Amino acid sequence: MAEMQTNAAQNSKRAGVAQSKKRSTRVDLTPMVDLGFLLITFFIFTTTMSENTAMKFNLPADGEQTNVANSTTLTLIPTENNELIYFHGQLTEAIQLNLLGKTSFQSTNGVGDLLREKRKALTALGKLKDFTVLIYPDQLASYKNIVDVMDELLINAVPVYCLSDNLPTIEKAKLALVSK
């Protein structure tokens with residue numbers, strides 16, 4: 001609190017002239033410091049440091065099954081060890097014709113080039129709007145790998161993609177690739 005100190009001695013040099021009393025002031029800043037720390041604490045606890053980001057993901061409505069042409073379909077299977085198995089069209093045909101491939105998650109010499117090649121081929125045929133990518137992540141695939149695939153789909157403007165967990169498809173593709 002603020003204190004006022006007064007001087008008890010009132011010696012005056014001139015008689016009849018009123019002199020003002022000399023006072024010394026001392027301000028205690030402890031409450032102000034307490035208030036400052038309370039405000040800092042309040043703002044630290046109520047401030048959001050970073051906003052959560054979420055990927056926009058639209059799910060189809062329940063209804064009839066959608067059929068897609070084999071020529072416009074690319075299937076990607078993220079697996080362990082940052083590897084990606086891919087094939088065009090149906091899995092059974094890809095296994096019979098030995099058309100399964102393996103690539104990485106890089107945008108060059110990886111999944112990015114694969115998507116651009118498929119996009120270029122479909123543009124030449126005039127079927128770009130039907131370009132469909134099916135993604136079947138393996139149980140051992142990391143979340144980062146799935147996000148990398150989704151990022152590449154957005155970068156390459158793939159119009160239709162589907163994320164599924166069809167385990168028989170994944171296992172058949174892995175077995176066929178291992179037996180190569």
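The values are calculated or read from the model by the stated rules, or taken from the named source; none is laboratory data. Keep in mind the model is a prediction, meaning the values are calculated, not measured. Quick reminder, even Gly has a Cβ in these numbers, built from the backbone with ideal geometry, and neighbours come from all protein chains shown.
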Legend entry - GLU117 without any contact (Cβ under 8 Å) to a residue 24 or more places away in the chain, of a type in the set (D, E, K, R) and closer than 16 Å to LEU153 by Cβ: yes
Inset, instruction - Go through the residues of the stretch 2-14 one by one and say whether even a single one is touching a strand residue (DSSP E or B) at 6+ places or on another chain (Cβ under 7 Å), at pLDDT below 80 and either surrounded by 12 or more Cβ atoms within 10 Å (Cβ to Cβ) or closer than 22 Å to ALA141 by Cα (or both). - result: no
Legend entry - Number of the condition not met by ASP138 [criteria: (1) touching a helix residue (DSSP H, G or I) at 6+ places or on another chain (Cβ under 9 Å); (2) modelled with pLDDT of 85 or more; (3) within 12 Å of PRO78 (Cα to Cα)]: (2)
Inset, instruction - Can you confirm whether the stretch 129-139 contains a residue that is part of a helix (DSSP H, G or I) and out of contact with any Asp or Glu (no Cβ under 7 Å at 6 or more places or on another chain)? - result: yes
Inset, instruction - State whether the residues of the stretch 62-72 include one that is among the β-branched types (Val, Ile, Thr) and under 28 Å from the mean Cα position of the chain (by Cα). - result: no
Inset, instruction - Please indicate, with yes or no, whether at least one residue in the stretch 72-81 is out of contact with any Gly (no Cβ under 7 Å at 6 or more places or on another chain), acidic (Asp, Glu), modelled with pLDDT under 85 and assigned to a loop (DSSP other than H, G, I, E, B). - result: yes
Inset, instruction - Looking only at the stretch 115-131, decide whether some residue is within 16 Å of GLU83 (Cα to Cα), at pLDDT 85 or above and surrounded by 15 or more Cβ atoms within 10 Å (Cβ to Cβ). - result: yes
Legend entry - Every residue from the stretch 94-113 that is touching a strand residue (DSSP E or B) at 6+ places or on another chain (Cβ under 9 Å) and either closer than 19 Å to SER164 by Cβ or not in a helix (DSSP H, G or I) (or both): ALA94, ILE95, LEU99, LEU100, GLY101, LYS102, THR103, SER104, PHE105, ASN109, GLY110, VAL111
Legend entry - Count of the stretch 26-55 residues which are in a helix (DSSP H, G or I) and either in contact with a strand residue (DSSP E or B) (Cβ under 9 Å, 6 or more places away or on another chain) or among the small types (Gly, Ala, Ser) (or both): 1
Inset, instruction - Would you point out which residue out of GLN90, GLN96 is polar (S, T, N, Q), modelled with pLDDT of 70 or more and touching a Ser or Thr at 6+ places or on another chain (Cβ under 9 Å)? - result: GLN90
